[in-house]
Amino acid sequence: MGERELPGYLAVPEGEGPWPGVVIVFEALGNTGDMRAQADRFAANGYLAVLPDLYNGAPWVRCVTKAMREMRAGRGAAYDHIEAARAWLAGRDDCTGDVGVCGFCMGGGFALVAAAKYDFKVAAVNYGMLPRRPEEALRGACPIVASYGAADPSLRGAAGKLERALAGSGATHDVKEYPATGHSFMTESALPGPLGPVAKIAFGMGRGRENAPDGWTRIFAFFDGHLKKSTT
């Protein structure tokens, strides 16, 4: 992927392209089967989806601290990889050239910054940490659909802050906070070993997964409106 090889997972829709593209940015646990399933989900809905391995094959426990630091700083190798994945997708013969980004957890924070930093046409932010000075960081952002859980202690008030920042920037947006819902409710992610019980307390994980279908319906309606409209 790009001049410097970066491992990744590509999910291709059935039928004949070209299709709009989506870069999937994984959560802190990295390139898991659950994250690859999200790429497959996008492909099933008519998007050419790539999941770049920002950890370059290394175990997540060795990479997550550095990745989180880069995510908060708004710069670094992880952002370079995300942009390389976008450019690689856009340049493929089976892509329309229009590319969106979708991130989960840590990846949601990356997707939020990337929405203004690179030439993405639309972004989905799932319980992503807000950048420092969001009004400034999100200036010029592409349309954003975002989902948060009100029972996620780690992101208390984030949905409201994001709503205000995007309204101030003039960006098209759909931000929703789901009541009685914790972190990672959009996927089937599970932390390994003893981290699971801790995550239930610190992040409210496991709560509100019944809201995932609504979250996905909003994402695909939003993406269809901003990525597929140019091909119909």
Estimated vicinal HN-Hα couplings, Hz - segment 17-31 in sequence order (Karplus 6.51, -1.76, 1.60; Gly, Pro = x): x, x, 10, x, x, 9, 9, 9, 10, 6, 7, 4, 6, x, 7
Contour minus Cα-Cα distance for D119 and E188 (0.36 nm per residue): 21.9 nm
Inter-probe distance in nm under a simple model that places probes 7 Å from Cα toward Cβ, at D80 and A58: 1.4
Separation of alpha-carbon centers, segment 48-77 and segment 140-174, rounded to whole Å: 22
Carbon and sulfur %, accessible surface of segment 43-97 computed with the full protein complex present, 1.4 Å: 49
Label point distance in nm, R133-M68, each placed 7 Å from Cα along Cα→Cβ: 2.4
Phi-based couplings in Hz for segment 149-162 (Karplus 6.51, -1.76, 1.60; Gly and Pro marked x): x, 5, 9, 9, x, 6, 10, 4, x, 5, 4, x, 5, 5
Order of exposure, largest accessible area first, which applies to E135, E210 with probe 1.4 Å: E210, E135
Computed label-point distance, nm, for sites R164 and R36 using a 7 Å Cα→Cβ extension: 4.3
Probe 1.4 Å, protein heavy atoms only - accessible area per residue of segment 18-117 in square angstrom: 34
Accessible surface ranking that places the most exposed of T172, T187 first, with a 1.4 angstrom probe: T172, T187
Residues of segment 20-48 with amide N under 20 Å of the 7 Å Cα→Cβ point at E5: 31
Accessible area in the full protein assembly, largest first, 1.4 Å probe, for K229, K161: K229, K161
Among M35, V50, G170 the positive-end extreme of the charge dipole of the chain (Cβ point charges): G170
Förster radius 25 Å - calculated FRET efficiency between D214 and D94, Cβ distance, rounded to 0.05: 0.25
The chain - percent relative contact order, Cα under 8 Å, separation 6 or more: 16
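The values are calculated or read from the model by the stated rules, or taken from the named source; none is laboratory data. Being a predicted model, the structure only gives us computed values, none of them experimental. Please note: Cβ atoms are built from the backbone with ideal geometry, for glycine as well, and neighbour counts cover all protein chains shown. Side chains are part of the model used for accessible areas, which takes the heavy atoms of the whole protein and leaves out ligands, DNA and RNA. Shrake-Rupley method; radii C 1.70, N 1.55, O 1.52, S 1.80 Å.
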